[in-house]
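Report on the following structure.
Derivation of every value follows stated rules applied to the coordinates shown; laboratory data play no part. Keep in mind the model is a prediction, meaning the values are calculated, not measured. Here the Cβ positions follow ideal geometry from the backbone for every residue, glycine too, while neighbour counts run over all protein chains shown.
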């Protein structure tokens, strides 16, 4: 039986090398582009009907998604401030969701099962929150490291703890998404490997499980996209509305 | 685990995912989100306007209903008053008519009685006059001519005929 982690391996399809940096196109990137294209064309198709007052099916579904994200943004960031960040948050949601879902297509690849990718996004979001915080509050932004109501004597202790908790945010954000995606696909690979290697008499059982787990993975794809987006909102909201 | 071991693909994964995300962000922000957000806002404002206008219409409707009910009540009262007045008038007319008719009947009765009485009196007078005349004539004839029975009988018949003739003349 081949290793269940085998399908996480990536091989360059188009070799690109710029300034000594390997920027080759591989399956993961192609799958990501496919997901992005689906998202973009779905939105274009939905908006094509001149954004009619009576929405079609596709427009309704996308509007539900947009309303959902808008509610989230308004809740965590604020109604006025939220408008500025809504396009970014919505893009994060639909990007992560598309990457998660496109990986469920057999032969495709889930780019969010790559820790470097989720990590890069988490770090970018983390850096972005720092920029937003300093741009909005200046030096006062550092007060985020001291929770309100903490006695002065505790400040030297609280600041390192808060720094650790701040730094832990991108780590937890990236690892959560990566681990969930990897685990789901690994389970699917193991079950499918079992189904393929066992005889038909017993092999239908793990195969049946792959069907169930696949359904579960669709739900997880949505849930993880939701969690990733919600936490992004929370982090941005935290630095905008200090304490 | 390939995700940790294939260090060579890290650079391309990070680069392309961030660049692709940035492109998707720009594309969605510029071309995809605005129509849908506009549609949402337009619908929201339309629904809000519709609800407020519906409430306004409802309030207006209730006002009109109350006015109509008041009018209806007034009209009912007026109608009742008119019916009562008509009823009273009719009763009054009926009573008046009855009284007039009774008075007329009484008058007619009195007139008839008077006429009957006068006719009777006249008849009695006529009868008395004719009887007297007859008697006088018979006696006169009888006294003038003392003739035989046959003659006297003829005389009597003659005088009777005379009286009848004069009665017929007076009747005509």
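Return the Rg/Rh value of region B:2-171, two decimal places, where both radii are evaluated on C-alpha atoms and Rh is the Kirkwood radius. Each step should come with its number before you reach the end.
Values: Rg = 63.0 Å, Rh = 30.4 Å.
When Rh is taken as the Kirkwood radius, the ratio is 2.07.
What value, in deg cm²/dmol to 500, does the helix sum -39500 (n - 2.57) over DSSP H runs of n ≥ 4 give at 222 nm once divided by the residues of chain A?
On the way: 6 runs with 173 residues, N = 243.
It lands at -25500 deg cm²/dmol.
Under 11 Å from a label point 7 Å along Cα→Cβ of residue B:91: give me every residue in region B:62-84 with its amide N that close.
Of the residues in region B:62-84, B:84 have backbone N under 11 Å from the label point off residue B:91.
What is the P(r) of chain A, as percent of Cα-Cα pairs per 5 Å bin from 0?
Distribution as computed: 1, 6, 11, 13, 14, 14, 12, 11, 8, 5, 3, 1, 1, 0, 0 percent.
Regarding the protein assembly as shown, what are the three Cα extents along the principal axes, ordered largest first, in Å?
Result for the protein assembly as shown: principal-axis Cα extents of 197, 70, 39 Å.
Would you mind checking the tilt of helix A:200-240 against the longest principal axis of the Cα atoms of chain A, expressed as 0 to 90 degrees and rounded to 10?
For A:200-240 against chain A, the angle is about 20 degrees.
For B:25, A:192, what ranking results if the residue with the fewest other Cβ atoms within 10 Å of its Cβ goes first?
Working: B:25 16, A:192 19.
Result, fewest neighbours first: B:25, A:192.
What angle, in degrees between 0 and 90 and rounded to the nearest 10, separates the Cα long axis of helix B:149-171 from the longest principal axis of the Cα atoms of chain B?
Relative to chain B, helix B:149-171 is tipped by roughly 30 degrees.
Specify the angular offset, from 0 to 90 degrees and rounded to the nearest 10, of the alpha carbon long axis of helix B:33-144 from the longest principal axis of the alpha carbons in chain B.
Around 0 degrees separate the two axes.
At a 10 Å Cβ-Cβ cut-off, how would you order A:124, A:99, A:233, fewest neighbours first?
Details: A:124 15, A:99 31, A:233 23.
So the ranking, lowest neighbour count to highest, is A:124, A:233, A:99.
Please give the FRET efficiency for residue A:202 paired with residue B:43, using the beta carbon to beta carbon distance and R0 = 56 Å, rounded to the nearest 0.05.
Values: r = 55 Å, r/R0 = 0.98.
According to the calculation, E is roughly 0.55.
Kindly provide the helix-only [θ] at 222 nm of chain B, computed as the sum of -39,500 (n - 2.57) over DSSP H runs of four or more divided by all residues, to the nearest 500 deg cm²/dmol?
Details: 4 runs with 157 residues, N = 172.
The per-residue figure over chain B is -33500 deg cm²/dmol.
How many Cβ atoms of partner chains, on average, are near each residue of A:36-42 if near means within 10 Å of its Cβ? Mind showing how you got there, number by number?
Numbers: counts 6, 1, 0, 4, 6, 1, 1.
Mean shielding by partner chains, rounded to a whole number: 3.
May I have the pair-distance distribution P(r) for region A:172-243, computed from all Cα-Cα distances with 5 Å bins from 0 and rounded to whole percent?
3, 15, 19, 15, 12, 10, 8, 6, 4, 3, 2, 1, 0
Can you give me the distance in nm between label points at residue B:123 and residue A:214, each placed 7 Å from the Cα along the Cα-to-Cβ direction?
The modelled label-to-label distance comes out at 13.4 nm.
Tell me, what is a quarter of the convex hull surface for the C-alpha atoms of region A:128-183, in nm² with one decimal?
Values: hull surface 19.8 nm².
So the mean shadow area of the Cα hull is 4.9 nm².
Between residue A:83 and residue A:242, what is the FRET efficiency for a Förster distance of 22 Å, r being their Cβ-Cβ separation, to the nearest 0.05? If you can, show how the numbers build up before the last one.
On the way: r = 20 Å, r/R0 = 0.90.
For R0 = 22 Å, the calculated efficiency reads 0.65.
So if we plug the beta-carbon distance of residue A:176 and residue B:60 into 1/(1 + (r/R0)^6) with R0 = 56 Å, what FRET efficiency do we get, rounded to 0.05? Please list the in-between numbers first.
Values: r = 57 Å, r/R0 = 1.01.
It comes to 0.50.
How many percent of the alpha carbon pairs in region A:43-181 exceed a separation of 24 Å?
Summing the P(r) tail past 24 Å for region A:43-181 gives 50 percent.
Please give, to one decimal in nm, the separation of the simple spin-label points placed at residue A:146 and residue A:234, each 7 Å out from Cα toward the Cβ.
If labels sit at residue A:146 and residue A:234, their model points lie 2.5 nm apart.
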